[in-house]
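Before any comments, here is the structure.
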Amino acid sequence: MDDLPISPRHAAASRPIAVPTAIRLLCARRIGIGRATLAAVAIALLAGLIRVPVTDAQNPSRAVPGQTLFGMNVPSLTELDASESAIGARAAIVGTYDDWAHTPDFPRRLADATSARGAVPLIAWEPWDSWRGGVDQPRYALRRIVAGSHDPLIDRWATEIARYRRPVMIRFAPEMNGDWRPWATGLNGNRPGDYVAAWRHVRNRFTRAGARNVAWVWNPMIAYEGSTPLRELFPGPRDVDWMAVDGFNWGSLRPWGWQSYADIFAPTVRALHELAPRRPVMIAEIGSPPEARKAAWVADTLRSAHADGLGAVMWFEFDKETDWRLGADPASAGAAGAVVRGLGWRTGDRTTTSVVDGPEAEYGVPARLIQHRAGGAGRRSSAAARHQLAERQARIDECVDGDEGGQGLKPPRPQHVGREEDSSLHVHCSTASLGT
């Protein structure tokens, strides 16, 4: 398959944080929980594996506890292929980066290719000109987003994603608690409260367009002394589907040396649980430099993340400030593969799928579509699963053909309707009629 371009994490992102020495163990920034039931919410996002339109759940109660999704942020699908081959496991989530200045449309071909691999796209959707870099970009000040200056772009993406129908995860304006992006509070004319207002504005535009297949990922950097308090930036659990955090082990590249999962992530993960106890938590970016201790660190950190109940871990598979990649180091790739192929982890798979109820009404993520873990007890055969899905696809296609406006199986929700009213909205094609 021809490689598809993925917007790179721009070099302008690289800049060290000035923090007091006493806090450095909590700060492993690279520029650029779930409890058991919460982690299970992640599995519903694998609807993209079976390439069917998203429906709404009738029963949000059924969930598979204790699983963590493994994913990678990558510069290209060719490099993803190489990393997956080295690790011996497919990514269940594929992370990419798109800025507002250079990506006028939702990257549909890339999303299709990601879905065909058995994965869900996770897009860092960043309101700035990443090629230019720097925090002084008044065109992308948060107040301008709220005022509607970028509504044509927002609405176009929302409409295109709604028509895509499969699951898409978006981490809008991530690492907002730092001081290295134009959407940071106190920079680029941004005032306290502007980030929350911009987040809600963007999400409301997507809701009005009928893009109910989006899972919104609220994604700060690990908290450090001097960072904007998370509570000042949090739009509230009703407006967030996932919580996330970015953090890196710099090893010998920084004076504070090697850090464990507990050093880097645990404090912020606890804070995210306090903000939204019923939302799943992921690590959206993580990496470690290519040193002798890397393989052991990789295995220990992945196990610690799963033990902490995280719903997903996204490796930063880039050679940037240092070579963060797993795939470039056979020992680290082997260590990662040994963990993520084991019990409690979910990786991408194009064949072993089935359909069950899911937690849409509770978490706002695509539901009733879930992938069985390969090799699990009672797993259906691949042929049986494909036969079932083919029959169900035909029934879904009939529903979609009659859907108003082709925006999915459910009409757009009015902007004023709260999440608690979701279940009362009319569904054109009842999910009960589609069978399991």
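Bear in mind these aren't lab numbers, they're just calculated from the coordinates by the rules spelled out. What you are looking at is a predicted structure, and each value in this text was computed from that prediction instead of being measured. We place every Cβ from the backbone using ideal geometry, glycine too, and count neighbours over all the protein chains shown.
Please compute the length gained on full extension between ARG293 and ALA116, using 0.36 nm multiplied by the number of residues separating them and subtracting their Cα-Cα distance. Before the final figure, lay out each step's value.
Details: separation 177, 0.36 × 177 = 63.72 nm, distance 3.51 nm.
Gain on stretching ARG293 to ALA116: 60.2 nm.
On full extension of the chain, what length is gained from ALA328 through SER252, given 0.36 nm per residue of separation minus the C-alpha to C-alpha distance?
Contour length minus the Cα-Cα distance gives 25.5 nm.
Rg (Å, one decimal) plus Dmax (Å, integer) for the alpha carbons of the stretch 268-344?
13.3, 39
Give me the extension gain from ARG139 to LEU343: residue separation times 0.36 nm, minus the current Cα-Cα distance, reported in nm with one decimal. Present the calculation step by step, with values, prior to reporting the outcome.
Numbers: separation 204, 0.36 × 204 = 73.44 nm, distance 4.76 nm.
Extra length available between ARG139 and LEU343 comes to 68.7 nm.
Starting from the coordinates of the alpha-carbon atoms of the stretch 103-210, obtain the Kirkwood hydrodynamic radius over all distinct pairs and give the value in Å to one decimal. Provide the component values of the computation, followed by the final result.
On the way: mean 1/r = 0.0684 Å⁻¹.
Computed over Cα pairs of the stretch 103-210, the Kirkwood hydrodynamic radius comes out at 14.6 Å.
Sequence-distant or interchain residues sharing an amide H contact under 5 Å with TRP315, placed H: which?
Close amide H contacts, sequence-distant or interchain: GLY71, MET72, ASN73.
Kirkwood hydrodynamic radius of the stretch 157-299 from all distinct Cα pairs, in Å?
About 16.5 Å, per the Kirkwood formula over Cα pairs.
Could you work out how far apart the two model spin labels at ARG200 and ASP105 are, taking each label as a point 7 Å from the Cα in the direction of the beta carbon, and quote it in nm?
Modelled inter-label distance: 3.4 nm.
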